[in-house]
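Trainee: The structure that follows is given in the form of structure tokens.
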Amino acid sequence: MDSRLAIDSAVLLLYFVIIISIGLYMGRKEENLADFVLGRRQIAWWAILASLIAAETSAGTFFGTPGEGFTFRNYTYLQLAFGTILARILVSYIFIKPYYDYKVYSIYEYLTARFGVGTKNAASAVFLFTRLLASGARLYVAAIALALGYEMIRGVRPDQTETLFIYIGATVAIVLLTAIYTTLGGIKAVIWTDVIQASIMIGSALVALGLLYFSIPGGWHEIVQRHGGFHFSDFITTGLSPAKTGWDKIKGMFAIEYTIFAGLIGSTFMTMSTHGTDQDMVQRMLTAPDVRRSRRSLILSGLADIPIAFTFLSIGVLLWVFYQTHQDPALPKTPNEIFCHYILYEMPVGIRGLLIAGIFATAMGSLSTALNALATSFTRDWYEPYINPASTSGQSLRAVRWATVGFSVLMIVVASTTAYLVIVYPNVRIIPIVLGIYGYTYGSVLGIFLAGFIFYCAFEAMRTAQARNLGEVPADPLESWSKDRPIGPIILIGLGALLLLNNFHVLDFIRLGQFWPLILIGAGLYMFRNKMGGRS
């Protein structure tokens with residue numbers, strides 16, 4: 001083996017050994033499901049912050065965001081980060097405290113108290129399905145490095161069949177290594193390995209940014225000369241056409257993927273869904289000792305999104321300038337592969353191994369999170385209520401571990417299928433795929449949770465005040481409301497109808513989902529029928 005490759009391989013091997021060792025050590029002595037799922041609520045807030053960053057930054061982000069910067073040569077993608085900050089503030093003050101108050105393991109248990117078991121089951125099923133697809137769809141991306149490394153070693157680009165086998169082999173290896181510490185160590189192993197992985201990911205991105213900048217002859221002057229000056233429109237855009245009027249003026253908003261409206265409206269709703277109604281994200285927040293520290297980690301993770309996204313977009317922009325000054329006939333045609341190509345062919349030995357470790361760190365960080373959340377939701381929402389209602393603490397612990405193994409296998413299947421489709425259709429971009437998978441279902445789940453959190457509180461406050469005036473305060477306001485009033489279903493139907501009317505004009509900016517208001521209306525009609533049927 002070439003000595004340079006041996007050094008890079010040693011760095012990568014050291015990374016795997018450290019991650020698995022830390023995961024197994026931090027996750028030892030798991031005695032019951034509470035330990036496995038919540039880590040006894042003893043995790044430091046800064047570790048949860050790092051874990052949230054690692055979970056959000058997948059291998060798709062590591063390659064996809066530079067790909068967006070390379071393709072568009074601007075920072076308009078950064079507008080989506082504005083909505084994520086606003087959404088996290090809303091989630092931290094609306095969602096988190098009720099989850100702590102109800103002492104839930106799976107956040108969908110909360111819906112049982114609000115709307116009944118059927119709603120809980122529907123939300124949990126949506127999460128299991130969409131999380132499996134979204135996480136699996138972006139998992140194969142880490143294998144891009146191995147496919148391009150194969151080309152670098154052999155000097156010949158692998159054909160489609162060889163590329164597919166490389167992708168599948170790398171996917172299997174990543175899933176197996178991640179499943180080892182996730183299955184045995186639970187959420188504590190996930191969070192503490194995420195701390196290391198987030199550090200490697202951010203550090204390697206900063207190293208790449210610095211090397212790119214100093215490798216461009218002429219530095220900043222050359223960048224501005226090649227790219228042109230950076231203007232306000234390179235960061236913020238509305239899509240409106242000032243020279244036009246009427247519909248012609250605003251229809252440009254629908255032709256641009258990243259606008260300020262998408263950031264402040266679409267991204268806000270999407271982040272409220274992913275960070276407030278997704279077991280994947282919320283579970284780590286619930287490991288904090290109290291609500292205050294949970295909120296702190298969530299809000300700070302939103303603020304961290306801006307410099308992280310800026311760094312990866314800057315890498316993409318500098319890659320475009322670099323390859324304008326360093327012509328490379330072997331440059332990949334797919335934007336998602338260009339950053340990896342630069343790592344393999346331009347990075348110094350050793351640093352290259354660190355960057356490849358960063359690629360695997362992003363993949364394993366988001367994967368371990370997804371596996372743990374999927375297994376937790378399956379065990380609490382399906383295994384304990386239906387498969388084995390009389391399960392003991394030990395049986396539930398074994399079930400959640402076997403569920404982790406099962407979802408690992410399904411992840412491999414989804415990732416392999418995605419790899420096949422991307423090989424056949426090489427111009428497919430990763431980030432729009434992942435956003436689309438989220439969008440078509442998460443809106444309906446968010447609507448149900450908001451109905452439970454906000455509208456219930458408002459109407460229940462009025463009912464309680466009225467009851468006090470009459471001297472008849474209900475013993476259990478939640479139960480009374482659920483049984484006596486169809487207000488919940490009415491709210492869902494009204495909210496769904498409102499969003500349906502506005503869907504094309506507002507939420508479709510980032511393809512948040514054309515059909516989910518109909519799902520919301522359907523859920524309301526179903527609940528309304530059940531409540532009316534119960535009265536007859």
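The values are calculated or read from the model by the stated rules, or taken from the named source; none is laboratory data. All figures in this text were calculated on a predicted structure; none of them were measured in a lab. Using ideal geometry, Cβ is built from the backbone for each residue, glycine included, and neighbour counts are taken over all protein chains shown.
Trainee: In the set 113, 81, which member is at pLDDT 85 or above, surrounded by fewer than 23 Cβ atoms within 10 Å (Cβ to Cβ) and touching a helix residue (DSSP H, G or I) at 6+ places or on another chain (Cβ under 9 Å)? Step through it out loud before you land on a result.
Mentor: Numbers: 113 fails: at pLDDT 85 or above.
Being at pLDDT 85 or above, surrounded by fewer than 23 Cβ atoms within 10 Å (Cβ to Cβ) and touching a helix residue (DSSP H, G or I) at 6+ places or on another chain (Cβ under 9 Å) holds for just one of 113, 81, which is 81.
Trainee: In the range 36-47, is there at least one residue being under 18 Å from the mean Cα position of the chain (by Cα) and buried (at least 17 other Cβ atoms within 10 Å of the Cβ)? It would help to see each step written out before you state the result.
Mentor: At the first step, the residues of the range 36-47 found to be under 18 Å from the mean Cα position of the chain (by Cα) are 47.
Those still in the list that are buried (at least 17 other Cβ atoms within 10 Å of the Cβ) too: 47.
Yes: one or more hits.
Trainee: Only one residue in 385, 332 is within 30 Å of residue 116 (Cα to Cα) and in the same structural domain as residue 125 (by TED's automatic domain parsing). Which one? Even if it seems obvious, please write down each step before you answer.
Mentor: Numbers: 332 fails: within 30 Å of residue 116 (Cα to Cα).
It is 385.
Trainee: For the range 350-404, name all the residues that are within 20 Å of residue 186 (Cβ to Cβ) and assigned to a loop (DSSP other than H, G, I, E, B).
Mentor: 388, 391, 392
Trainee: Would you pick out the residues in the range 197-215 that are in contact with a helix residue (DSSP H, G or I) (Cβ under 6 Å, 6 or more places away or on another chain) and more than 18 Å from residue 322 (Cα to Cα)?
Mentor: 197, 198, 200, 201, 204
Trainee: Inspect the range 175-195 for any residue being surrounded by fewer than 24 Cβ atoms within 10 Å (Cβ to Cβ), part of a helix (DSSP H, G or I) and touching an Asp or Glu at 6+ places or on another chain (Cβ under 9 Å) and give the result as yes or no.
Mentor: Taking every residue of the range 175-195 in turn, at least one turns out to be surrounded by fewer than 24 Cβ atoms within 10 Å (Cβ to Cβ), part of a helix (DSSP H, G or I) and touching an Asp or Glu at 6+ places or on another chain (Cβ under 9 Å).
Trainee: Counting only residues that are in the same structural domain as residue 362 (by TED's automatic domain parsing) and of a type in the set (Lys, Arg), give me the helices (runs of 4 or more DSSP H) lying completely in the range 47-130 with at least 1 of them. It would help to see each step written out before you state the result.
Mentor: On the way: elements: 59-72, 79-94, 96-102, 109-115.
Because the criterion is at least 1 residues that are in the same structural domain as residue 362 (by TED's automatic domain parsing) and of a type in the set (Lys, Arg), the helices (runs of 4 or more DSSP H) in the range 47-130 that meet it are 79-94, 96-102, 109-115.
Trainee: I would also like to ask the following. Do we find that residue 127 is crowded, with 21+ Cβ neighbours inside 10 Å, within 27 Å of residue 23 (Cα to Cα), at pLDDT 85 or above and within 22 Å of the chain's Cα centre (by Cα) in this structure?
Mentor: Numbers: crowded, with 21+ Cβ neighbours inside 10 Å: yes; within 27 Å of residue 23 (Cα to Cα): yes; at pLDDT 85 or above: yes; within 22 Å of the chain's Cα centre (by Cα): yes.
Taking the combined requirement at face value, the residue satisfies it.
Trainee: Within the range 152-174, count every residue that is assigned to a helix (DSSP H, G or I) and without any contact (Cβ under 8 Å) to a residue 40 or more places away in the chain. Full working, then the answer.
Mentor: Step one: of the range 152-174, the residues assigned to a helix (DSSP H, G or I) are 152-154, 160-174.
This time we only want the ones that are without any contact (Cβ under 8 Å) to a residue 40 or more places away in the chain, so: 154, 161-162, 165-166, 169-170, 173.
The number of residues fulfilling the criteria is 8.
Trainee: So residue 314 clears everything in (1) more than 30 Å from residue 105 (Cβ to Cβ); (2) surrounded by 24 or more Cβ atoms within 10 Å (Cβ to Cβ) except one condition, right? Which one?
Mentor: (2)
Trainee: Another question, then. Please work out which residue is farthest from residue 55 (Cα to Cα), limiting yourself to the range 301-351 and to residues that are aromatic (Phe, Trp, Tyr) and touching a residue at least 24 places away in the same chain (Cβ under 8 Å). Break it down into steps so the answer makes sense when it comes.
Mentor: We begin by selecting, within the range 301-351, every residue aromatic (Phe, Trp, Tyr); these are 310, 312, 320, 322-323, 339, 342, 345.
Remaining after also requiring touching a residue at least 24 places away in the same chain (Cβ under 8 Å): 310, 312, 320, 322, 339, 342, 345.
Numbers: 310: 18, 312: 16, 320: 28, 322: 30, 339: 21, 342: 25, 345: 28 Å.
For the range 301-351, the residue satisfying everything is 322.
Trainee: Looking at the range 248-269, is at least one residue of a type in the set (Lys, Arg), assigned to a helix (DSSP H, G or I) and closer than 21 Å to residue 72 by Cβ?
Mentor: Applying the first criterion (of a type in the set (Lys, Arg)) to the range 248-269 yields 249, 251.
Those left that are additionally assigned to a helix (DSSP H, G or I): 249, 251.
Then drop every residue that is not closer than 21 Å to residue 72 by Cβ, which leaves 251.
Yes, that holds for at least one residue.
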